[in-house]
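Trainee: Before anything else, here's the structure in question.
Bear in mind that the values in this text are calculations on the coordinates, not laboratory data. From a predicted model like this one, the values you see are computed outputs, not experimental measurements. Every residue, glycine among them, receives a Cβ derived from its backbone with ideal geometry; neighbour counts consider all protein chains shown.
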Amino acid sequence: MVQRHTRRDFLRFTAIGAGTVGFALGAQGTALAAGNGEGPGPFPPGNPWGRAEYIKATVRAPHFPDRYFDITDHGAVAGGTVDCTEAFRDAIATCHAAGGGHVVVPAGDYLTGPIHLKSNVDLHVTENARIRFSQNPADYLPAVLTRFEGIELYNYSPLIYAFEQENIAVTGSGTLDGQADNAHWWPWKGKTDFGWKKGDPWQGPARDRLSAMADAGVPVEQRQFGEGDYLRSAFIEPYRCSNVLIGGVTIVNSPMWEIHPTLSDHVLVQNVTVSSHGPNNDGCDPESSRMVVISDCLFDTGDDCIAIKSGKNTDGRRVDVPSQDILVEGCQMRDGHGGVTIGSEMSGGVRNVFVRDCQMSSPNLDIALRFKTNSLRGGFITGFHARDITVGQVGQAVIDINFYYEDGPGQGFNPLVSDINVERMTVQSAKQSLNLRGYSDDHIRGVRLTDVDFGTTSKAPTVEYVDNLVLSNVTENGKPLVVAGATAA
């Protein structure tokens, strides 16, 4: 049966955008409404960007005591051939027991298995230091609680992981090297471009089994995966954590998603360089997280540069925690499927996303602003605001809101997408300015473009089932953009 939204649904979701519904915190285990102890409630009239300023002022880098624990004092040996897993573990445990501080990785190459952070510990990777993560999947067992494509399970540990910790960081000007390639991790995607050959094992059967378990309501503790299942891990994943900093480091060769804050709050990702072109190599994926700032980063990726998520299908609705209050500013996006994306795993909803002062350009960047969903995902996207965006070239549409990602209508969980605002955007060239595709029984509601120059395009815009499309000083191919049914303001 197709789900149809009522006016009550619409008012409920847009009220959420004004900050009137609380959000479950991770490690703190409390809930705060946006207008109850977490800053302003409803936006000041006509000024949603006031919320962005509040997010920026509130999300600050955690502070650590002036204690320093060099991993070489705990048995680490440079050179990239000696397993330093125990040295990292001992240095982190000692730092944590002392009340916190900095675990220092000096210059050199260090081979390790998974690194599990503890509260009040900063993993500081100095200049000319490189952490090389083991290519042996067995080193990432025993399994930990994580998510794979928006579904909770027990699986291989992420390369850097923290569970229910607070005041944690990964900093420095060194390099984190996942050492994934066409012989390690990437072939599990099942694509020949990444080393898979017919007859090789791949993630498909386990991925289908996990989805079936979630749909059947199998308890998470019984969703045990690992050896023989071929589900890749994220690179950095704080899970149910609070006060997190990822700063300065360069991240390369990731098995899958690269920075994946999950069910976490007050997360700052700044001055990070992500350069990894493997399958599903998203740059930064805040999932079911709140109060997140991503600033002054460079993304050159094999998938979406930034993708904001909140769980997938049945499992996303079970957990039912949105991503909200997210600010992206001063970032550069090069290769990738989308510059800033919401979805497709967005069943818990996404609200209050702000993007400003970003540059996006590459012949291998498909879409600048991308919203991907379908009638299996459900959920909502409301309160998206972007301004001062400079786009050189993109291969497909500049702005893409697509209800047909992977699945079309008729699956029973129509999404609600409303209150999408873009102002002061300039584009040099793209295949298409707009690809906006809602459903006949579920329209996209409220898209406003102000002072946008789409530059040179070769294909007419696609606009299907969109209510309240408002164009104010919008041009394409040197002329005012005219779209049937749109309002010129």
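Trainee: Which of 202, 257 comes first, and how do the rest follow, when ranked by fewest Cβ neighbours within 10 Å?
Mentor: On the way: 202 15, 257 29.
Going from least to most buried by this count: 202, 257.
Trainee: Taking the highest mean first, how do the peptides 49-60, 369-380 order by number of other beta carbon atoms within 10 angstrom per residue?
Mentor: Ranked by mean Cβ neighbours within 10 Å, highest first: 369-380, 49-60.
Trainee: What's the extension gain from residue 424 to residue 320 if we count 0.36 nm per residue and subtract their Cα-Cα distance? Walk me through the intermediate numbers first.
Mentor: Values: separation 104, 0.36 × 104 = 37.44 nm, distance 3.39 nm.
Net length gain for the segment: 34.1 nm.
Trainee: Can you spot the lysines whose alpha carbon is less than 29 Å from residue 479's alpha carbon? Ignore those fewer than 8 places along the same chain.
Mentor: 372, 431, 459
Trainee: Still on this structure: Please give the peptides 383-394, 319-330 ranked by average Cβ packing (other Cβ atoms within 10 Å per residue), highest first, as a rough proxy for protection. Please list the in-between numbers first.
Mentor: Values: 383-394: 21.7, 319-330: 23.7.
Going from most to least packed, we get 319-330, 383-394.
Trainee: Now a separate question. Express in % the proportion of alpha carbon pairs of region 68-360 at distances exceeding 33 Å. Can you show the working numbers first?
Mentor: Working: 7092 of 42778 pairs.
More than 33 Å apart: 17 percent of the Cα pairs in region 68-360.
Trainee: OK, next. How many lysine pairs does region 68-360 hold where the Cα atoms are under 27 Å apart and the two sit 8 or more places apart or on different chains? Numbers along the way, then the final one.
Mentor: On the way: 118/309; 189/197; 189/198; 189/309; 189/312; 191/309; 191/312.
Lysine pairs satisfying the spacing and distance rule in region 68-360 number 7.
Trainee: Could you give each residue of region 373-387 its phi-based ³J(HN,Hα) in whole Hz, using Karplus coefficients 6.51, -1.76, 1.60 with θ = phi - 60°, and x for Gly or Pro?
Mentor: 7, 6, 7, 8, 5, x, x, 8, 10, 8, x, 9, 9, 10, 8
Trainee: Compute the label zone of residue 465 within region 381-425: residues whose backbone N is under 13 Å from the point 7 Å along Cα-to-Cβ.
Mentor: Once the point is set 7 Å along Cα→Cβ of residue 465, 402-405, 407-417 turn out to lie under 13 Å by backbone N, inside region 381-425.
Trainee: Right, next: Sorting 235, 163, 299 on the 10 Å Cβ count, fewest up front, what's the list?
Mentor: Least to most surrounded, the residues fall as 163, 235, 299.
Trainee: To the nearest 20 debye, what charge dipole does region 423-471 have about its Cα centre, counting +1 at the Cβ of each Lys and Arg and -1 at the Cβ of each Asp and Glu? Don't skip to the end; give the middle numbers.
Mentor: Working: 6 positive and 7 negative charges, 39 e Å.
Result for region 423-471 is approximately 180 debye, rounded to the nearest 20.
Trainee: Using a 10 Å cut-off on Cβ atoms, rank the peptides 304-312, 410-418 from the highest mean neighbour count down. Write down the numbers at each step before the final one.
Mentor: Values: 304-312: 30.0, 410-418: 20.7.
Highest to lowest by the protection proxy: 304-312, 410-418.
Trainee: If neighbour count is taken as other Cβ atoms inside 10 Å, put 346, 360 in order from fewest to most. Intermediate results must be reported in sequence, preceding the final value.
Mentor: Details: 346 31, 360 27.
If I rank by nearby Cβ atoms, fewest first, I get 360, 346.
Trainee: Taking 0.36 nm per residue of sequence separation and subtracting the Cα-Cα distance, how much length would be gained by fully extending the chain between residue 191 and residue 127, in nm to one decimal?
Mentor: Full-extension gain reported as 19.5 nm.
Trainee: Expressed as an acute angle from 0 to 90° and rounded to the nearest 10, what is the orientation of the C-alpha long axis of helix 7-17 relative to the principal long axis of the chain?
Mentor: For helix 7-17, the angle is close to 50 degrees.
Trainee: In Å, the Kirkwood hydrodynamic radius of region 348-403 over pairs of distinct alpha carbons? Don't jump to the answer; show the numbers that get you there.
Mentor: Details: mean 1/r = 0.0803 Å⁻¹.
Roughly 12.5 Å, rounded to one decimal.
Trainee: Just to confirm a number: summing +1 for Lys and Arg and -1 for Asp and Glu over residues other than residue 422 whose beta-carbon lies under 13 angstrom from that of residue 422, what do you get?
Mentor: Details: positive: 356, 370, 387, 424, 448; negative: 388, 400, 419, 423, 451, 453.
With Lys, Arg at +1 and Asp, Glu at -1, the net is -1.
Trainee: Mind listing the long-range amide H neighbours of residue 281? Cut-off is under 5 Å, sequence gap 5 or more, other chains count too, H placed in the peptide plane at 1.01 Å from N.
Mentor: Under 5 Å from the amide H of residue 281: 302, 303.
Trainee: Using helices alone, I'd like the mean residue ellipticity at 222 nm for the chain: each DSSP H run of four-plus residues gives -39500 (n - 2.57), total over residue count, nearest 500.
Mentor: Details: 5 runs with 53 residues, N = 489.
Only helices count here, giving -3000 deg cm²/dmol.
Trainee: Okay, moving on. Taking the Cα centre of region 155-267 as the origin, how large is its charge dipole in debye, to the nearest 20, when only Lys and Arg (+1) and Asp and Glu (-1) carry charge on their Cβ atoms? Display every interim value, and only then the final one.
Mentor: Values: 9 positive and 14 negative charges, 79 e Å.
With Lys and Arg at +1 and Asp and Glu at -1, about 380 debye.
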